[in-house]
Amino acid sequence: DSEWGLELPLEADLLQRLGRDHATLSDVCNDVIFQGVVTGADYVFCLEDLGLDPTNRMLRRGRHRRSGVETSIEDAILYPVVAGRSDIQRFTCNESTRVLLLPYEKLDGARRFSLMSRQRLRKDFPMAWKWLSRYRDELEVRTGTWTDDDWWGFSRRQNLEIFQEPKILVPYMLDQACAWLDGGQHYFVNVTTGGYGIPAPDWDEARYVSALLNSRLL
């Protein structure tokens with residue numbers, strides 16, 4: 001009925017004392033630890049970042065990671081992606097080399113993102129729409145039920161909003177804990193480049209928590 005402890009006796013005693021005398025991570029983050037977004041087709045939505053298009057600074061160059069096809073997409077609909085363990089080390093993170101095409105927006109007065117309409121994409125992000133339309137057949141055969149009005153959405157639209165807020169990012173598949181405090185709008189994309197996030201509404205407190213997660217003790 002309780003957890004299985006795999007620690008050695010000295011470790012178990014230490015963990016029991018820490019758990020008894022100090023707040024847990026669950027207490028600090030109000031039980032909110034969130035996973036990266038799941039697109040269902042990372043090779044379409046997550047592109048290698050080739051930098052701003054020199055012919056049009058409103059566009060950013062991207063490369064399809066499977067075929068090598070290059071394109072230009074509106075920079076305003078792209079967000080930086082960090083690749084979990086290969087990018088994040090204790091306290092630091094490499095510069096992002098990938099971008100996420102995010103066809104969602106927060107409407108006036110809404111708390112959650114909604115999928116952009118076909119009309120909105122065609123009008124304001126025609127290059128992004130052209131790219132998505134190129135892979136429509138592949139997007140429509142992903143797991144799930146797709147219609148003519150939503151086939152360009154993610155398989156799971158989880159946590160889209162919270163990744164645009166300050167947060168602590170922790171990669172998965174680690175042999176040593178590391179965390180990075182992100183004040184920007186970096187995304188984890190599971191499964192290809194993933195991990196977990198911890199909300200950081202209080203910046204000073206988040207710096208302290210991040211330091212603890214990076215400590216030798218933890």
Gyration tensor verdict on the range 22-135 (Cα atoms; rounded if a/c is under 1.5, prolate if a/b is larger than b/c, oblate otherwise) | oblate
In whole angstrom, the spacing between the Cα centers of the range 80-98 and the range 107-180 equals 20
The answer for trypsin sites (Lys or Arg not before Pro) in the range 136-218 that fall in a DSSP coil and have at most 11 neighbouring Cβ atoms within 10 Å is R216
Partners for K167 among lysines (Cα-Cα distance below 29 Å; same-chain residues under 8 apart left out) = K106
If one builds a Gaussian network model of the chain from Cα atoms under 10 Å apart, the most fluctuating residue listed among I33, I168, I88 is I33
Over the range 113-186, relative contact order from alpha-carbon pairs under 8 Å, at least 6 apart, % = 23
P(r) for the chain: what percent of alpha-carbon pairs falls in each 10 Å bin, starting at zero?
-> 7, 29, 31, 19, 9, 4, 0
Please report, as a whole percent, how much of the solvent-accessible surface of the chain comes from carbon and sulfur atoms (probe radius 1.4 Å).
-> 50
Non-local amide H neighbours of D182 (under 5 Å, H modeled in plane, Pro and chain starts lacking H): which ones?
-> K167, I168, L169
Percent RCO, i.e. relative contact order, over the range 1-101, from Cα pairs under 8 Å lying at least 6 residues apart | 20
Assign one of three labels to the range 65-119, namely rounded, prolate or oblate, based on the Cα gyration tensor with a ≥ b ≥ c the square roots of its eigenvalues; rounded applies when a/c is under 1.5, prolate when it is not and a/b is larger than b/c, and oblate otherwise.
-> oblate
Using the heavy atoms of the protein chains and a 1.4 angstrom probe, tell me the accessible area per residue for the chain in square angstrom.
-> 59
Candidates L15, L59, L50: whichever shows maximal mean-square fluctuation once the chain is modelled as a Gaussian network with Cα springs under 10 Å = L15
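The values are calculated or read from the model by the stated rules, or taken from the named source; none is laboratory data. Owing to the predicted nature of the structure, the values given are computational and were not obtained by experimental measurement. Glycine gets a Cβ as well: all are built from the backbone with ideal geometry, and neighbour counts include every protein chain shown. Ligands, DNA and RNA are excluded from the accessible area calculation, which covers all protein heavy atoms including side chains. Shrake-Rupley method; radii C 1.70, N 1.55, O 1.52, S 1.80 Å.
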